[in-house]
């Protein structure tokens with residue numbers, strides 16, 4: 001029986017009548033009162049995720065963030081402490097889920113210790129913000145927008161640099177494009193009929209640092225929610241949540257991630273398995289990378305953990321009051337539906353491929369545009385030209401589709417997307433039909449020459465299989481190219497630009 | 001293991017085999033290939049003419065090229081995989097070859113300059129450890145400098161590649177060229193050090209190869225002065241050995 005239960009932040013209408021939120025606010029205030037170099041401070045924990053504390057001469061450098069919160073930039077901890085704890089966040093990696101689970105456990109322990117010290121409940125737990133919940137729950141809980149606590153003191157949950165999807169301070173999550181479709185996926189890494197590449201949890205992270213693609217849970221809703229909460233005013237003032245280097249300064253960060261953690265737990269509870277590869281279970285240390293390590297109230301030397309320690313709530317001391325996401329698995333029949341749509345006469349007794357398996361074969365590029373695109377407010381339009389020999393395999397696989405010859409999946413890839421403003425979402429259309437949205441969360445870091453990607457930027461994969469099926473059914477696949485338009489959700493300031501290195505088209509045969 | 005991982009693994013294996021072949025040739029020393037190492041005392045005080053007669057440029061350049069291939073090919077696994085994945089299937093081999101061509105082109109120019117320097121040192125300081133000691137000191141300073149870290153970081157930048165026709169060929173060569181520029185920036189002095197040693201060159205070359213591969217596999221870091229002797233390769237070997245022992 002778990003000791004701690006994480007509950008919905010929208011209980012008692014998301015106000016300070018919800019004691020979880022009131023105690024959270026008091027805990028945040030106590031942590032914010034501590035110095036930057038205190039391993040139990042709010043600022044230190046934000047830097048564990050990521051930081052802009054050196055080499056910045058303008059926003060988003062922490063010195064240039066508009067208060068509240070008043071973010072300190074000194075005293076810095078020693079270099080060895082920084083090297084050990086800071087900038088650990090795992091993105092575009094299959095470690096995204098387990099690393100953040102441990103991160104939540106660590107800050108929850110810090111705040112619980114403060115709550116207990118202040119005479120609060122011994123079992124205080126981090127609340128989650130389920131923006132997919134009914135009624136008004138797509139809006140930020142009101143406790144985060146109040147200027148003061150019930151006792152009249154300043155509310156530490158209030159953040160100035162939180163602008164929302166319309167950049168006007170109205171914080172809500174637009175549904176759609178934010179969705180929990182990823183909950184229908186059935187495999188953590190790989191692809192099949194209900195799981196687009198690179199899989200629910202993200203691409204496997206090997207011996208090098210070549211990853212630049214987010215997993216499906218990370219891509220949407222995680223990244224999208226970050227961007228929409230953050231919003232932007234100008235290129236020198238955008239929401240803290242929009243950028244991984246400032247995100248964890250905003251107290252809403254942990255409630256958002258608590259919901260992402262809940263979704264992962266829900267996905268597992270629905271019978272979906274986490275990786276069993278030792279390289280995942282042992283964490284990055286198995287491939288020569290950094291260990292996951294967090295300061296804890298009981299151990300400032302650090303609590304070291306691995307994905308193996310995080311893989312199931314049953315081995316941890318907390319539960320969620322509700323794991324329901326309202327998404328039902330479409331395990332049975334999703335492939336059959338596609339085949340039927342493509343005109344295949346299915347025999348009821350015919351065995352179908354196991355949809356809990358990775359069925360994706362070797363991807364092959366079948367088309368690409370020419371030249372990089374520069375996005376301005378009006379967006380950009382390009383023709384993704386087919387390479388005839390390669391592309392011919394796609395209509396052929398659709399023509400010959402059967403249970404034993406599962407047709408190709410088709411993906412549109414936006415490659416080497418670079419820029420400095422993370423606070424934007426791009427809408428991508430193919431032949432005037434919406435193919436999907438991508439959030440630019442992490443763009444600045446990925447575009448920095450000294451960042452984790454060496455300046456290569458981000459790459460996005462959009463599953464356009466259904467769209468291509470439609471084109472096939474409408475006899476519209478004989479053209480030489482696809483017409484792709486990319487439109488930014490927010491204005492791009494004149495002094496900024498977002499570039500897309502290439503737009504390419506890929507087929508992935510299914511085994 | 002996903003299909004993509006299997007495909008990457010086969011590319012890695014092929015490159016390791018090629019690198020091992022180059023190492024084998026370096027050790028066997030065929031006639032058309034001559035090591036560009038500073039040679040022993042038998043050339044003492046000889047004229048440049050005789051020196052060039054005994055150390056013809058072409059075999060020395062061939063030796064240099066072979067040395068670069070042997071030492072650097074394992075470092076090219078990720079960019080070659082990237083080049084293949086971002087090229088049409090029928091252009092993958094061509095794109096990867098052009099990438100290597102661009103990469104080797106830069107190193108051969110650097111090699112020609114280095115060989116010139118080595119010949120000069122051989123002429124004036126035959127069999128001496130002094131050049132190696134001086135270069136070793138420079139190597140240590142460079143190794144710990146922010147400039148070296150900047151070069152290492154930029155080696156992780158994989159550029160967008162054109163897909164069609166001559167533009168695709170050009171981009172593959174350019175990608176190789178740019179990758180080599182950052183590779184030279186981070187490793188030039190490490191490459192120079194073993195060839196200046198009057199003896200034990202192969203052993204030092206192997207050690208330098210492992211160090212370069214190890215630091216290439218590290219994630220980019222903020223450039224600053226730091227003691228920078230990457231242990232990533234050792235950490236991988238240790239972790240993977242532990243995993244396999246635990247399984248058995």
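The one condition from (1) assigned to a strand (DSSP E or B); (2) buried (at least 20 other Cβ atoms within 10 Å of the Cβ) that residue A:485 does not meet is (2). Output the residue which, of all residues in the stretch A:463-496 that are within 23 Å of the chain's Cα centre (by Cα) and farther than 29 Å from residue A:401 by Cα, is nearest to the other protein chains (Cβ to nearest Cβ). By that ranking, first place goes to A:486.
What do you reckon, is residue B:5 modelled with pLDDT under 80, within 14 Å of another protein chain (Cβ to nearest Cβ), farther than 24 Å from residue B:198 by Cβ and more than 14 Å from the chain's Cα centre (by Cα)? Yes: the conditions hold for residue B:5. Candidates are the residues of the stretch B:134-157 that are under 18 Å from the mean Cα position of the chain (by Cα) and not in a helix (DSSP H, G or I); the one that is farthest from the other protein chains (Cβ to nearest Cβ) is B:155. Residues that are within 25 Å of residue B:73 (Cβ to Cβ) and facing chain A (nearest Cβ under 8 Å) within the stretch B:235-248 comprise B:235, B:236, B:239, B:240, listed in sequence order.
If a residue counts only when it is in contact with a strand residue (DSSP E or B) (Cβ under 8 Å, 6 or more places away or on another chain), which strands (runs of 3 or more DSSP E) contained entirely in the stretch A:193-307 have at least 2 such residues?
A:292-296, A:299-305
Please find, within the stretch A:285-300, the residue that is nearest to the other protein chains (Cβ to nearest Cβ) out of those that are farther than 22 Å from residue A:44 by Cα and touching a residue at least 24 places away in the same chain (Cβ under 8 Å). Quick ask: steps written out before the conclusion?
Let us first name the residues in the stretch A:285-300 that are farther than 22 Å from residue A:44 by Cα, namely A:285-288.
When the remaining residues are screened for being touching a residue at least 24 places away in the same chain (Cβ under 8 Å), the result is A:287-288.
Values: A:287: 6, A:288: 4 Å.
Checked the stretch A:285-300; the qualifying residue nearest to the other protein chains (Cβ to nearest Cβ) is A:288.
Applying the criterion of at least 3 residues that are away from chain B (no Cβ under 14 Å) to the helices (runs of 4 or more DSSP H) found wholly in the stretch A:1-105 leaves A:19-32, A:42-49.
Given the criteria surrounded by fewer than 24 Cβ atoms within 10 Å (Cβ to Cβ), modelled with pLDDT of 95 or more and away from chain B (no Cβ under 14 Å), does residue A:265 qualify? In short, yes. Comparison of A:59, A:96, A:45, A:85 shows that the only residue that is within 25 Å of the chain's Cα centre (by Cα) and more than 28 Å from residue A:279 (Cβ to Cβ) is A:59. Scanning the stretch B:204-228 for residues being farther than 26 Å from residue B:158 by Cβ and over 15 Å from the mean Cα position of the chain (by Cα) gives a total of 2.
For residue A:438, state whether it is crowded, with 17+ Cβ neighbours inside 10 Å, modelled with pLDDT of 95 or more and under 19 Å from the mean Cα position of the chain (by Cα). The answer is yes for residue A:438. Determine whether residue A:503 is touching a strand residue (DSSP E or B) at 6+ places or on another chain (Cβ under 7 Å), closer than 26 Å to residue A:199 by Cα, within 14 Å of chain B (Cβ to nearest Cβ) and crowded, with 22+ Cβ neighbours inside 10 Å. Judged against the criteria, residue A:503 is a match.
Checking the conditions here, which among A:164, A:169, A:119 is assigned to a loop (DSSP other than H, G, I, E, B), in contact with a strand residue (DSSP E or B) (Cβ under 8 Å, 6 or more places away or on another chain) and in the same structural domain as residue A:267 (by TED's automatic domain parsing)? After applying the criteria, what remains is A:164.
How many of the residues in the stretch A:389-407 are within 14 Å of another protein chain (Cβ to nearest Cβ) and in contact (Cβ under 8 Å) with a residue 24 or more places away in the chain?
Here is the first cut: in the stretch A:389-407, the residues within 14 Å of another protein chain (Cβ to nearest Cβ) are A:389-394, A:406.
Retained after the next criterion (residues that are in contact (Cβ under 8 Å) with a residue 24 or more places away in the chain): A:390-391, A:393-394, A:406.
So the count comes out to 5.
Residues that are surrounded by 18 or more Cβ atoms within 10 Å (Cβ to Cβ), within 8 Å of chain B (Cβ to nearest Cβ) and not in a strand (DSSP E or B) were ranked within the stretch A:356-368; the one that is farthest from the chain's Cα centre (by Cα) is A:361. A single entry from A:461, A:492 fulfils the requirement of being within 19 Å of residue A:182 (Cβ to Cβ) and surrounded by 17 or more Cβ atoms within 10 Å (Cβ to Cβ): A:461. Residues in the stretch B:214-227 that are more than 9 Å from chain A (Cβ to nearest Cβ) and buried (at least 19 other Cβ atoms within 10 Å of the Cβ): B:215 alone. Reported count of residues in the stretch B:55-97, each being within 16 Å of residue B:117 (Cα to Cα) and over 19 Å from the mean Cα position of the chain (by Cα), is 4.
Can you confirm whether residue A:223 is under 20 Å from residue A:443 (Cβ atoms), free of Cβ contacts under 8 Å to residues at least 60 places away in the same chain and surrounded by 24 or more Cβ atoms within 10 Å (Cβ to Cβ)? Working first, answer last.
On the way: under 20 Å from residue A:443 (Cβ atoms): yes; free of Cβ contacts under 8 Å to residues at least 60 places away in the same chain: no; surrounded by 24 or more Cβ atoms within 10 Å (Cβ to Cβ): yes.
Spelling it out, it is not the case that residue A:223 is under 20 Å from residue A:443 (Cβ atoms), free of Cβ contacts under 8 Å to residues at least 60 places away in the same chain and surrounded by 24 or more Cβ atoms within 10 Å (Cβ to Cβ).
If you check B:174, B:161 for being at pLDDT 95 or above and at the interface with another protein chain (Cβ under 10 Å from one of its Cβ atoms), only one passes: B:161. Residues being farther than 24 Å from residue A:364 by Cβ and surrounded by fewer than 23 Cβ atoms within 10 Å (Cβ to Cβ): count how many of those fall in the stretch B:149-178. Here the count works out to 6.
The values are calculated or read from the model by the stated rules, or taken from the named source; none is laboratory data. In this text, all values refer to a predicted model and were calculated from it rather than measured experimentally. As a convention, Cβ positions derive from the backbone with ideal geometry for all residues, glycine included, and neighbour counts pool all protein chains shown.
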